[in-house]
1. Quick one: is residue 68 crowded, with 17+ Cβ neighbours inside 10 Å, at pLDDT 85 or above and hydroxyl-bearing (Ser, Thr, Tyr)?
2. Of these, 51, 34, which one is more than 17 Å from the chain's Cα centre (by Cα), crowded, with 18+ Cβ neighbours inside 10 Å and free of Cβ contacts under 8 Å to residues at least 40 places away in the same chain?
3. Quick check on the range 71-84: of everything there that is assigned to a helix (DSSP H, G or I) and surrounded by 15 or more Cβ atoms within 10 Å (Cβ to Cβ), which residue is farthest from the chain's Cα centre (by Cα)?
4. Test residue 115 against the stated conditions and say whether it is under 13 Å from the mean Cα position of the chain (by Cα), open to solvent by 20 Å² or more (accessible area, probe 1.4 Å) and modelled with pLDDT of 80 or more.
Amino acid sequence: SLWRKIALGHPFMWTSLDLGTIDNSYTASKIFRRGQDYPLRMRCHDWNNLRIRCLIFELSRLQELDMSWTSAVHNASANREAPVLKRLTISVPYNVNLWPCYIPPPFLSAYPCLEYLRLVDCRMPFTPTNFRGLKELSIESFAFFAPKMDDDQHITSVLRSCPDLEKLSLQGVNLHSEHSHPASSIVHLPRLWSIQLTLRPSDVLAILSGIA
């Protein structure tokens, strides 16, 4: 049919995938082969071994990923690279214990092109080292925790790792900030033009006083 010819003749039509719909290796190989070498956009919130293998196998051309976090994905993707990944969204299922879940665990070794990071109900490293090109950061329903540091210093360290940040959104973040920032802790974000803070007034004040 005409539509079949159009679909088979345009590889980019096979580059936006919901891995949750892939149930066998034959279907997976056909889809990825038809997409040729075009960058991929993937989504998956229902993982199994086949879907994890698909993710790992296609990391080299993965450009966007919207995923739920599981220990199996973490173990399979640790210390791997996603060299062209630009947009990453990670959420933790409601039935997962949040405390051991420091995000983002996948591709921790390198994602040099990452520009957008959205975290939903999960935790972020306090001293990330691979976010220097990040332009947009969104953290939702998130609780910072570390027994030896004041909580507002955590978000300061995260923002200091993102000097090119342009957009910041924090929703439901519980910082427990109760003191002002000394001059040495001020974070300079010269490109920041959009900030959305759905927080307690004291937390809003703590964050705004720490950004220049």
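The values are calculated or read from the model by the stated rules, or taken from the named source; none is laboratory data. It should be emphasised that the depicted structure is a prediction, and the values quoted were computed from it without experimental measurement. With ideal geometry, Cβ positions are generated from the backbone for all residues, glycine too; neighbour counts draw on all protein chains shown. Ligands, DNA and RNA are stripped out before the accessible areas are found, and what is left, the full protein with its side chains, is counted by its heavy atoms. Shrake-Rupley method; radii C 1.70, N 1.55, O 1.52, S 1.80 Å.
1. Working: crowded, with 17+ Cβ neighbours inside 10 Å: yes; at pLDDT 85 or above: yes; hydroxyl-bearing (Ser, Thr, Tyr): yes.
Yes; evaluated as a whole, the condition is true for this residue.
2. None of the others qualify; the one that does is 51.
3. We begin by selecting, within the range 71-84, every residue assigned to a helix (DSSP H, G or I); these are 71-77.
Next cut, surrounded by 15 or more Cβ atoms within 10 Å (Cβ to Cβ) only: 73-74, 76-77.
Working: 73: 14, 74: 13, 76: 17, 77: 14 Å.
Per the criteria, the residue is 76.
4. Numbers: under 13 Å from the mean Cα position of the chain (by Cα): yes; open to solvent by 20 Å² or more (accessible area, probe 1.4 Å): yes; modelled with pLDDT of 80 or more: yes.
Criteria met by residue 115.
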